[in-house]
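Note sheet for the following structure.
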Amino acid sequence: MKALFRVCAILVILLIGGGALTACGNDESDRSGTSLPADFPSDDVQLVDGTVLSASGEGDSWRVTIQGSAADGNPLANATKLLEDDGFEESSRAGDTANQTVLLSKSVDPGTLWVRVGVSADAAGGGSTAFYEVTRTD
């Protein structure tokens with residue numbers, strides 16, 4: 001009788017967990033933390049893995065802060081590589097080893113997407129926090 005109860009409990013847990021994962025829908029909803037704005041250009045701007053600490057904006061301008069895992073390495077290098085692999089071109093770099101930003105751009109329809117991604121050793125989450133500023137221009 002106890003074995004039957006255990007099997008039923010495991011099945012219920014699997015069904016609930018599977019339903020929750022199915023309800024998530026797209027890739028961005030798999031992220032924990034704050035939801036991205038509904039009009040964030042997720043198809044064009046790839047973000048590093050991690051928990052979304054904050055996300056704001058609408059229209060042509062957004063800001064996103066993501067707390068990545070320290071085990072994933074340098075979040076700025078990871079973010080830059082993701083964007084370059086998706087067709088963005090680096091325009092400039094600024095800062096020092098503790099506080100850096102990279103500006104990248106990509107032509108999209110309509111206009112151009114500009115992404116400034118940065119890291120700061122002074123961030124609450126330490127060096128594994130990535131900051132994104134995304135702007136669409138005509």
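Read-outs throughout are calculated quantities, based only on the coordinates presented, and are distinct from any laboratory measurement. These figures come from a predicted structure and were not determined experimentally. We place every Cβ from the backbone using ideal geometry, glycine too, and count neighbours over all the protein chains shown.
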Handout entry: Cα gyration tensor shape of the range 41-104, rounded if a/c is under 1.5, else prolate or oblate by comparing a/b with b/c
Key = rounded
Problem - Shape box of the range 31-137 [Cα atoms, principal axes, largest first, Å] - result: 36, 29, 20
Completion exercise
Checking rank on 91-104, 61-74, with mean other Cβ inside 10 Å and highest first, the result is 61-74, 91-104
